[in-house]
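For reference, the structure discussed in these notes is given below.
The values are calculated or read from the model by the stated rules, or taken from the named source; none is laboratory data. Just so we're clear, the structure is a prediction, and the values are computed from it rather than from any experiment. Cβ coordinates were reconstructed from backbone atoms using ideal geometry, including for glycine residues, and neighbour counts include every protein chain displayed. Each accessible area value is taken on the protein alone, full model and side chains, heavy atoms only, with ligands, DNA and RNA left out. Shrake-Rupley method; radii C 1.70, N 1.55, O 1.52, S 1.80 Å.
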Amino acid sequence: IGSGTGQHAVYFGRDLPHLQWQTSDCRDQHPGILAWLEEAALPNVLPPLALNVLEDDWPEASYDAAFSANTAHIMSEAAVMAMFAGVGQVLEPNGLFLLYGPFNYDGQFTASSNADFDYWLRQRDPRMGIRDLSWLRKLGQANALVLDDDVEMPVNNRTLVWRCDR
C-alpha cells in the first residue's frame with residue numbers, strides 16, 4: 001500500500017522470490033512504479049493497482065499480508081483510518097499487516113529528530129504528522145487487527161506487525 005516509486009517492491013521481490021508482491025498506489029505514482037518494475041523484470045512483482053485509500057475500491061482479492069512503508073505520517077487521519085479499514089477487509093484470517101515508519105508512544109516522540117520531522121510535516125500539510133501507537137491500536141481493534149509485534153528499525157523508525165484476528 002503506497003508503493004511510491006516501487007523500490008520497496010523490487011527490493012523485497014528480489015530478496016523474497018517465493019512471495020508474490022502486488023504493488024498499489026494512487027494513479028499518479030504508477031509511471032514511477034512501472035519504471036522500477038520494468039527495469040527489475042521480476043516475475044513475482046505485479047503491476048500496480050490503483051489504490052487511493054479514500055477514493056478507490058479495495059481489491060476483491062484477499063491477501064496473506066500487506067506492507068506499507070512511510071505512509072501513515074504523510075496521510076491524513078481519515079486516510080490512515082481508511083487504510084486500516086481496507087486492510088482489515090482484504091487480509092486473510094491470521095494475515096499480517098506490516099506498517100513501517102516513525103511512531104509516537106503515549107503522545108511522546110521517541111527522538112528529537114522525530115519531533116523535528118513531525119513539525120516539518122505539519123508545516124507542509126496540517127493533516128500530516130507522526131501517528132501515536134495508542135490511536136493506531138484503536139484503529140486496529142476496530143478492524144480486527146491485533147498488534148503482534150513492534151520491531152525497532154534504524155533511524156528512529158519501527159515496523160508494527162498487525163495480525164488479522166478473524
Cβ contacts < 7 Å: first residue at negative phi and in contact (Cβ under 8 Å) with a residue 12 or more places away in the chain, restricted to segment 144-166; second residue open to solvent by 80 Å² or more (accessible area, probe 1.4 Å) and of a type outside the set (D, E, K, R), any location; separation 6+ or different chain. Result?
Arg163/Asn94; Cys164/Asn94
Here is a list: Ser24, Ser68, Ser3. Which entry is surrounded by 15 or more Cβ atoms within 10 Å (Cβ to Cβ) and in a loop (DSSP other than H, G, I, E, B)?
Ser3
Residue check for Gly32: part of a helix (DSSP H, G or I) and open to solvent by less than 60 Å² (accessible area, probe 1.4 Å)
yes
Suppose the filter is at pLDDT 95 or above, closer than 20 Å to Arg131 by Cβ and not in a helix (DSSP H, G or I); does Leu49 pass it?
no
Would you be able to say whether some residue in segment 79-91 is within 21 Å of Ile1 (Cα to Cα) and not in a helix (DSSP H, G or I)?
yes
Across segment 111-133, what is the number of residues that are free of Cβ contacts under 8 Å to residues at least 40 places away in the same chain, of a type in the set (Asp, Glu) and touching a Gly at 6+ places or on another chain (Cβ under 8 Å)?
1
